[in-house]
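Participant: Here you go, one structure.
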Amino acid sequence: MMTRIAMTHYRKATKQALIMLIAMVSFTGSFGSAEATEINIYSSRSPELVQPMLDAYTAETGVTFNILYLAKGMAQRLVSEGEASPADVIMTVDIARLSELDHMGIFAAVDSPILRSNIPAKWRDDDHHWFGLTTRARVAVVSIDRVQSDELMRLEDLADPRWQGRICTRAGSHPYNRALLASLVAHLGEDAATEWAQGLVANMARKPQGNDRAQASAIFAGRCDVALMNTYYYGLMKHNLEKTEQQDWAKAVRIVFLNQGDGDRGQHVNITGAGILDSSQNYDASVQFLEWLSGPKGQSIYSSINYEYPVNPRVMPDEEIASWGSFRADDLPVSDIADHADTAQRIINKTGW
Ligand code: FE
């Protein structure tokens, strides 16, 4: 509640600043509004993962930010705020959540040649309502000691009885797993995806629990041999200077890119992305911010600090990411993943993942 009040206050302040600016412009005849702008962000991304981008942008442009971190309840909040929402930019970590917001009709259609050029068509909305800013692969991580390099090749293999009692995962209903399963529904159909999920659950070493990093910790502790994980967590663990035990977790596992064989569909990936609210009072500044995020500087920071893959094909991934090796991504449009999210959730409920 405090934050809401704070943001409302900021917005008033911004309006006052704008009025003053307009007054100044009428005197001077020039316009430099970008320098005096504040952008309000609602983010389902952890603040520490977004802050480096914001700090760099502020240093370069003078534009400042108010960020409200909403792990849950973003959609409900935006519905209740309606047109009066103080938010300008919405940032999320998963295509299904981005798509859910898009279906509420809250995003402006952003016509930006820069965004179109920086972001390949498959990572953005056809109607220009949202834009992918990074990709992450949901890979398998396997024990470096207990799993051979060619033992696991495909996501489908995890339902094979050979992995009985050897798999750890977080809950199926987490958006990362739901999206992964939705991609399987899109490719194989609901029945085959259900069968796979049943096999996966039958092979688990323990009930689904914890976050992605907790699975690597369990492999380190010898409780299981294989887990599903978003790639950037591997980088974040390996280079964690505060919680140094996580470096040991990273050392205990190896990344396996799945479904890489000839004619196979490729590794499942998801995106983080953003949209600009139709009701935004800072539309132009918000577009410029997204353009910057999709450009060389924003993409490099995402890659070097968060270990995420750039969406912009002209930006090279960070050295650490490159060391994991290259892979072929599943070409399924991310919007198809969002379309099958409900079916995936039904399967998760039915199978107890
Ligand atoms: Fe995450």
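Where a number appears in this text, it was derived from the coordinates with a stated rule and is not lab data. Owing to the predicted nature of the structure, the values given are computational and were not obtained by experimental measurement. A quick note on method: Cβ atoms are made from the backbone with ideal geometry, for glycine too, and the neighbour counts reach across all protein chains shown.
Participant: Where in region 244-353 are there trypsin sites (Lys or Arg not before Pro) that are in a DSSP coil and have at most 11 other Cβ atoms within 10 angstrom of their Cβ?
Facilitator: Here the sparse-neighbourhood loop sites are ARG314.
Participant: Using +1 on the beta carbon of Lys and Arg, -1 on that of Asp and Glu, and nothing else charged, what's the dipole of the chain about the Cα centre, debye to 20?
Facilitator: Here the chain has a charge dipole of around 980 debye.
Participant: Next up: What aspartates and glutamates does LYS297 reach when the alpha-carbon gap must be under 18 Å and sequence neighbours fewer than 8 apart in one chain are set aside?
Facilitator: The reachable aspartates and glutamates, counting only those whose Cα sits under 18 Å from LYS297, are GLU48, ASP55, GLU60, GLU308, ASP318, GLU319, GLU320.
Participant: First check a/c for region 174-291, with a ≥ b ≥ c the square roots of the eigenvalues of its C-alpha gyration tensor; if it is under 1.5, answer rounded, and if not, answer prolate when a/b is larger than b/c or oblate otherwise.
Facilitator: Oblate, because a/c is 1.5 or more while a/b does not exceed b/c.
Participant: ASN40's amide H: which non-local residues (gap 5+, or another chain) put their own amide H closer than 5 Å, with H modeled 1.01 Å from N in plane and none for Pro or chain starts?
Facilitator: Distant-sequence amide H within range of ASN40: ASN66, ASP88, VAL89.
Participant: I've got another one for you. In the chain, which whole DSSP H runs stretch at least 27 Å along their own axis (Cα) and average 0.5 or higher on the Kyte-Doolittle scale?
Facilitator: 2-28
Participant: Continuing with this model, one more query. Which of HIS103, GLN345, PHE327 sits closest to the plus end of the dipole of the chain, meaning its Cα is farthest towards the positive end, when Lys and Arg get +1 and Asp and Glu get -1 on the C-beta?
Facilitator: GLN345
Participant: In the chain, if the dipole is taken from +1 on Lys/Arg beta carbons and -1 on Asp/Glu beta carbons about the Cα centre, which of TYR233, ASN259, ALA214 is farthest to the positive end?
Facilitator: Comparing the listed Cα positions along the dipole, ALA214 ranks first.
Participant: For the chain, set up a GNM with springs between Cα atoms under 10 Å and report which of ILE67, ILE41, ILE114 has the largest fluctuation.
Facilitator: Among ILE67, ILE41, ILE114, the largest mean-square fluctuation in the Gaussian network model of the chain belongs to ILE114.
Participant: Given Cα pairs under 8 Å that are at least 6 residues apart, what percent is the relative contact order of the chain?
Facilitator: 25
Participant: Let me check the size of the chain from its C-alpha atoms; what are the radius of gyration and Dmax in Å?
Facilitator: 21.5, 77
Participant: What do you get for trypsin sites (Lys or Arg not before Pro) in region 36-99 restricted to DSSP loop and a cutoff of at most 15 other Cβ within 10 Å of the site's Cβ?
Facilitator: On the way: sites: ARG45, LYS72, ARG77, ARG97; in loops: ARG45, LYS72.
Taking region 36-99 and a limit of 15 other Cβ atoms within 10 Å, the loop trypsin sites (Lys or Arg not before Pro) found are LYS72.
Participant: Tell me the mean residue ellipticity at 222 nm calculated for the chain from its helices only (DSSP H runs of n ≥ 4, each -39500 (n - 2.57), averaged over every residue, nearest 500). Walk me through the numbers on the way to the answer.
Facilitator: Working: 15 runs with 159 residues, N = 353.
After summing the helix terms and dividing by residue count, I get -13500 deg cm²/dmol.
Participant: Which of the pairs LYS207/LYS243; LYS72/LYS207; LYS72/LYS251; LYS243/LYS350; LYS207/LYS251 have their Cα atoms more than 29 Å apart in this structure?
Facilitator: Going by Cα-Cα distance, LYS72/LYS251; LYS243/LYS350 fall outside the 29 Å limit.
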